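Following: one structure in structure tokens, then a few remarks.
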Amino acid sequence: MSESGSSFEEDVLGELGDDRLQEIAGLLGTDAAGAQEVVGTTVSALAGPVQEEAAAAPPEEEAPLQGVSTLGGFATGGLLAGVPAKVSKPVANVVAKKTGIPAATVTRVIETLVPVVLTVLSKRAARKK
């Protein structure tokens, strides 16, 4: 739980917003509720590996995460740049198995979610400091 009391999934959905949720619904061929369910499953599967990679960053290479503006260059000097590619396929396979959605479609959803997940993680990190 974050200090604000919302779950990680709720934070991601809030950051995602209605427009991107509708975009994901379009990718999935479902409605917003169906998209929200897939996002929840995907965020659960994605959050662990992304958080582990971020935590494994050597302290001297970590930059303070200040939000979206630092994520364009991946604030840690490229350290997190490989995370999406590294975790996308295994996460897509897990979510595809759980949901029955083709892994290629789940991968497209993950591509939409990764920047949002990184933004939420950076905001949470900033709140802790």
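The values are calculated or read from the model by the stated rules, or taken from the named source; none is laboratory data. Small disclaimer: the values here were computed from a predicted structure and weren't measured. Please note that ligands, DNA and RNA were not included when accessible areas were found on the heavy atoms of the full protein model with its side chains. Shrake-Rupley method; radii C 1.70, N 1.55, O 1.52, S 1.80 Å.
Taken together, the residues in the range 93-129 that are part of a helix (DSSP H, G or I), open to solvent by 10 Å² or more (accessible area, probe 1.4 Å) and closer than 17 Å to ILE24 by Cα amount to 11. May I ask you to say which residue of GLU53, GLU23, GLU60 is modelled with pLDDT of 90 or more and open to solvent by 30 Å² or more (accessible area, probe 1.4 Å)? Being modelled with pLDDT of 90 or more and open to solvent by 30 Å² or more (accessible area, probe 1.4 Å) holds for just one of GLU53, GLU23, GLU60, which is GLU23.
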